[in-house]
Each structure stands twice: as C-alpha cells, then as structure tokens.
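S.K.: The structure under discussion is supplied below as structure tokens; questions concerning it will follow.
The numbers here are math on the coordinates, done by the rules we state, and not lab data. Remember, it's a predicted structure, so these values are computed and weren't measured experimentally. Cβ coordinates were reconstructed from backbone atoms using ideal geometry, including for glycine residues, and neighbour counts include every protein chain displayed.
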Amino acid sequence: MSEEYLFSHDLISPNVKANLPKGYTCRPLSNKDYGRGFLDVLKVLTTVGDISEKMYLARFNWMKARNDSYYLLVIVDQNDRIVGSGTLLIERKFIHETASTGHIEDIAVAKDQQGKKLGLRIIEALDYVCEKQGAYKNTLVCKDHNIPFYEKCGFKRGQNEMTRYYKL
C-alpha cells in the first residue's frame, strides 16, 4: 500500500514548518500513521479504545473521501514518531452568504514532548488551513485551565459551550 495523505501538503504553513524543533516536521495525517504512534498521542486527551489497523484505515478513507471538511495534521519527530496532532473541521453554513467556519478539535502532544511549543505550532497550522479554506472564523472548546494557552494562540473567549453525551 502506497502512502496517502488526508489533504495536500500545500496547506501546511511555511511559518510553522520553519519554527519547529530541528528534525521535526508538520504534515497531514497519513494512511500509514497507525504504526507511527498516532493513536498513542490521542491517549493524552481521552480514552481511544481498541482500534485495529483495519478500523483506522476505514476511518482514514472515510475522512479522505470528504477532503474538503476534515484536516487532521501531525507533528513527527526525527525518528518518524508522531508526537503531536490536531484536527480542523470545516463547516459549510447558510449564514454570512454561505460562509464556512472552522472547528478545532483534539489538540494532543505526547507528554514527553510538552514544553517545546508543539501545541502552539499545531494551533497555528490548523488556523492557517482554516484561513486558506476561506472560513470567516475558527472556534474551539477547551477546559478552563487551558484558556490561557489558547489566548496566547490568539483566541478570545466566545460563547458558552453546552454538551450532551450519549452512551455508545
């Protein structure tokens, strides 16, 4: 199986690439990232569950088929190990003359990589994609203790979030 990426490398910010630690790179999620630690990085956030490579590839291909909506990117270290990731969803709207808006989700940095500004670089990279895709705004939801970090990334407090969880 040849390596495929979720979206074009052209959407990765040159500024982000230039400001990563030496030997690190930022790129779109790949169909081969199952074996590079992608799911392990997500475990920093929440329960991931038991996901087989077959399940990973099915979800990757589903997202790739909607490549104008799903933008998952990763930061890879010098050993080709994924050490950070983030997701941008682009929502098409009827308001603002059929404008689009971005939603940032699942910002994760491996515990042994925190403190290297990788989270900041992920946010900058996703914000760049959002702007390049013509969105009029980009939003995210975070826990109170993460507000100062996102304010440093240029985000401002907005409206309140309401959530309903379902049993799966």
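S.K.: So if R0 is 30 Å, what FRET efficiency would K64 and N15 give, r being the distance between their Cβ atoms, rounded to the nearest 0.05?
M.R.: The formula returns an efficiency of 0.70 here.
S.K.: Roughly what would the spin-label model give for Y165 and K117, points 7 Å off Cα along C-beta, in nm?
M.R.: So the two model labels end up 3.5 nm from each other.
S.K.: So, one more: Note down the magnitude of the dipole of region 52-95 about its Cα centre, charges +1 on Lys and Arg C-beta and -1 on Asp and Glu C-beta and zero elsewhere, to the nearest 20 debye.
M.R.: Dipole about the Cα centre, nearest 20: 240 debye.
S.K.: What is the calculated FRET efficiency for D40 to F94, with r their C-beta to C-beta distance and R₀ = 35 Å, to the nearest 0.05? Write down the numbers at each step before the final one.
M.R.: On the way: r = 39 Å, r/R0 = 1.13.
Taking R0 as 35 Å, the efficiency between D40 and F94 is 0.35.
S.K.: Pull out a ≥ b ≥ c, the square roots of the eigenvalues of the alpha-carbon gyration tensor of region 1-54, then state rounded if a/c is under 1.5, prolate if not and a/b is larger than b/c, and oblate in the remaining case.
M.R.: Oblate is the answer for region 1-54, as a/c is 1.5 or above yet b/c matches or exceeds a/b.
S.K.: Would you be so kind as to identify which of T139, G84, Y71 lies farthest towards the positive end of the dipole of region 70-168, taking Lys and Arg as +1 and Asp and Glu as -1 on Cβ and the Cα centre as origin?
M.R.: T139
S.K.: Calculate, for N79 and K152, the FRET efficiency according to 1/(1 + (r/R0)^6) with r their C-beta to C-beta distance and R0 25 Å; round to the nearest 0.05.
M.R.: Numbers: r = 28 Å, r/R0 = 1.14.
Efficiency computed from Cβ-Cβ geometry: 0.30.
S.K.: Let me ask you something else. Mind scanning K17/K132; K17/K93; K17/K116; K111/K143; K32/K54 and naming the pairs with a C-alpha gap bigger than 21 Å?
M.R.: Flagged as over cut-off: K17/K93.
S.K.: What Kirkwood Rh does region 35-168 have if only Cα atoms enter the pairwise 1/r average? Answer in Å. The partial results should precede the final answer.
M.R.: Details: mean 1/r = 0.0617 Å⁻¹.
For region 35-168, the Kirkwood estimate is 16.2 Å.
S.K.: Sticking with this structure for a sec: Per-residue counts of other Cβ atoms within 10 Å, averaged by peptide: what ranking do you get for 75-87, 142-154, highest first?
M.R.: Taking the mean over residues of other Cβ atoms within 10 Å, the ranking is 75-87, 142-154.
S.K.: Once you have the Cα-Cα distance between L57 and S8, take 0.36 nm times their residue separation minus that, and quote the gain in nm to one decimal.
M.R.: 15.8 nm
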